[in-house]
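K.L.:
Please find one structure pasted underneath; my questions will follow.
The values are calculated or read from the model by the stated rules, or taken from the named source; none is laboratory data. Because the structure is a prediction, the values reported are computed rather than measured. Positions of Cβ are generated from backbone atoms using ideal geometry, with glycine treated the same way; all protein chains shown enter the neighbour counts.
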Amino acid sequence: MPLRPPRLPGRIQLGAGMRDRLALRSLDDLVAAVRDGEAAALAELTAAAQHLGRTLAAIVATVNPSRLVLGGALGRLAPMIDGVRARVHGDVVDRVADGLQVEAGAWGEAAASRGLADLVVRRAYAPEAVDALVRA
């Protein structure tokens, strides 16, 4: 199965006509446009960060984590991280926002694959799973 190039995430992917307005074909194009200071690309990214931040704020208000990590494609875009952080901190109560870290993941594009591999290994080699195999 051939690998597809990285696509634009979430609202950015679904944004009405953004690809046409900005002549983007991939996430790399968006990253380059933002780094080059293109106002239209930054405006689209800011809108996407606000939308994602609003959604994550509802989850944060419910789960109350101490850390929120945006990995994969989102971690490559500092304005996305900053926008999400500002929106989440602005939308949740202070006692939830205090100490909440919103940051980019260190694994980049491999985050989902590595996370899945870690989950599989933890389940396959969990003490209970090994004990069950030994008893069988």
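K.L.:
Considering only residues that are more than 25 Å from SER66 (Cβ to Cβ) and among the hydrophobic types (A, V, I, L, M, F, W, C), look in the range 100-136 and name the one that is surrounded by the fewest Cβ atoms within 10 Å (Cβ to Cβ).
P.N.:
ALA136
K.L.:
If you check every pair at least six apart or on different chains, which have Cβ atoms under 7 Å apart with a residue in the range 55-72 that is within 12 Å of VAL84 (Cα to Cα) first and a residue that is among the charged types (D, E, K, R) and surrounded by 11 or more Cβ atoms within 10 Å (Cβ to Cβ) second?
P.N.:
Cβ pairs passing all conditions: ALA57/ARG87; ALA57/ASP91; VAL69/GLU103.
K.L.:
Any residue in the range 93-108 that's at positive phi: show its pairings with residues that are modelled with pLDDT of 90 or more at Cβ separation under 8 Å, as long as the two are six or more apart or on different chains.
P.N.:
GLY99/SER66
Yes/no per residue for (1) surrounded by 14 or more Cβ atoms within 10 Å (Cβ to Cβ); (2) more than 24 Å from ASP29 (Cβ to Cβ); (3) of a type outside the set (Ser, Thr, Tyr):
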position: ALA58; (1), (2), (3): no, yes, yes
position: ARG67; (1), (2), (3): no, yes, yes
position: GLY72; (1), (2), (3): yes, no, yes
position: ILE81; (1), (2), (3): yes, no, yes
position: VAL92; (1), (2), (3): yes, yes, yes
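K.L.:
So for the range 117-131 (the condition being under 23 Å from the mean Cα position of the chain (by Cα) and among the aromatic types (Phe, Trp, Tyr)), does at least one residue qualify?
P.N.:
No: the range 117-131 contains no residue that is under 23 Å from the mean Cα position of the chain (by Cα) and among the aromatic types (Phe, Trp, Tyr).
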